[in-house]
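What follows is a single structure, written as structure tokens, with notes after it.
Read-outs throughout are calculated quantities, based only on the coordinates presented, and are distinct from any laboratory measurement. Bear in mind the structure is a predicted one, so any value in this text is a computation, not a measurement. Neighbour counts run over all protein chains shown; Cβ positions are idealised from the backbone, glycine included.
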Amino acid sequence: MRHLMSPLDFSVAELAELLDLAIDIEKDPSRYRSVCVGKKLATCFYEPSTRTRLSFESAMLNLGGNILGFSSADSSSAAKGESVADTIRVISCYADICAIRHPKEGASLVASQKSSIPVINAGDGGHQHPTQTLTDLLTIYSLKGRLDNLRIGLCGDLKFGRTVHSLIHALIRYPGIRFIMISPEELKIPSNLKEDVLDPGHIAYAETDRLEDAIGDLDILYMTRVQRERFFNEEDYLRMKDFYILDKTKLEQAREDMLVMHPLPRVNEISVEVDDDPRAVYFKQAQYGVYVRMALIIRLLQEAGNELQLPPKEDKNA
Ligand code: CP
């Protein structure tokens, strides 16, 4: 049984195939509207979500399938003390594939070990968020035309930000990637990520706490929210929440072709006046999330032995 726990679960070649499928879907999603007729996706969300849960549901509905699930621990039997392991064994009786979000790191891995259907990690604590990474890769590939030779600024909460951790893991597999880590001292990238991932891979990176100093040199600025829910201390959160605010003035120093990305939700870290700038692609990014999740559902269902009728691929030269 193939699951998705981390962006590294797919090889670079498999990822390229998945992104190609997502790009084909984007061209005309209606061609895929019957691919999953009769199939069911369960969304088991123990933590709040707008984009991930609804884009998964939208993806399955676009494919002609059905959806079921819960959107908070309180509305499931987790509130009565049921374990994730027991829950997934039951969900396996009701659905063909499951996306799970949980505040505890490793919860989706536990689910995958007890599941008889494909399980997708839709975010586990501060650990990984692989489908956000697939969304980010599709956005970069579609709008920049490549995944290599990019200078990427990661800005905000680099300590707890699971989207950033997943994105780093995924991007270091491409040549010529350079990261500029922009964060306050307290929210710096975890040292184990540097020691176990960046340093052994000889990945170029620099660290600064000043967005102004870095922005002019970037191909991509990946903004993140300072996450109130990851802080033990409200005082620390309040001190850091507005550390970075990208506004029009700061954006003036950026290159004309730089992309501003954000996994969303945003709070104050990107001023709404930036939304109309053509470089601001975070809402387009959320749309790409539907196409890549459609591709992922198709691939995992196929690998689980489901026979799906795919439309013929569009001719790239047509
Ligand atoms: N990007 C993301 O994970 O958003 P949600 O928390 O709304 O799912």
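Could you estimate the translational diffusion coefficient of segment 134-190 from the Stokes-Einstein equation, with Rh from the Kirkwood formula over C-alpha pairs, at 4 °C and 1.567 mPa s, in whole µm²/s? Answer, rounded: 110 µm²/s.
Look at H169, H202, H127 and count the other Cβ atoms within 10 Å of each Cβ; fewest to most, that gives H202, H169, H127.
How many angstrom separate the Cα center of segment 1-77 from the Cα center of segment 257-276? Here the two parts' Cα centres lie 25 Å apart. Stokes-Einstein at 25 °C, 0.890 mPa s, Kirkwood radius from Cα pairs: D for segment 3-47 in µm² s⁻¹? Calculated translational D: 188 µm²/s.
Normalising the Debye intensity of the chain to I(0), with uniform scatterers on Cα atoms only, and taking log10 at q = 0.08, 0.09, 0.11 Å⁻¹ returns -0.36, -0.46, -0.69.
Across the alpha-carbon set of segment 31-81, the Rg to Rh ratio works out to 1.08, Rh being the Kirkwood radius.
In this label model, N268 and V90 are separated by 4.2 nm, measuring between points 7 Å along each Cα→Cβ vector. Less than 5 angstrom separates the built amide H of A280 from those of V260, all sequence-distant by 5 or more or on a different chain. Stretching the chain fully between E17 and R210 yields a gain of 65.7 nm (0.36 nm per residue, less the alpha carbon separation). Extension gain, I203 to E185, is 4.4 nm, computed as 0.36 nm per intervening residue step minus the present C-alpha separation.
Listed by Cβ neighbour count within 10 Å, with the fewest neighbours leading, Y222, Y94 appear as Y94, Y222. Normalised by the number of residues in segment 130-285, the mean separation of alpha-carbon contacts (under 8 Å, six or more apart) gives a relative contact order of 24 percent.
Among K39/K284; K80/K104; K39/K104; K27/K144, which pairs are too far apart, with a Cα-Cα distance over 21 Å? Over 21 Å Cα-Cα: K39/K284; K39/K104.
Estimated purely from DSSP H runs of n ≥ 4, each contributing -39500 (n - 2.57), the mean residue ellipticity at 222 nm for the chain is -10500 deg cm²/dmol once divided by its residues. A Förster radius of 25 Å, combined with the Cβ-Cβ distance separating D148 from K284, puts the computed FRET efficiency at roughly 0.70.
Normalised by residue number, the volume inside the convex hull of the Cα atoms of segment 130-285 is 105 Å³ per residue.
Overall size of segment 9-102 from C-alpha positions, given as principal axis extents largest first: 45, 29, 25 Å. Here's the list of aspartates and glutamates a cross-link from K248 could span, going by alpha-carbon distance under 20 Å and ignoring same-chain residues fewer than 8 apart: D209, E212, D213, D217, D219, E256, D257, E269, E273, D275, D276, D277.
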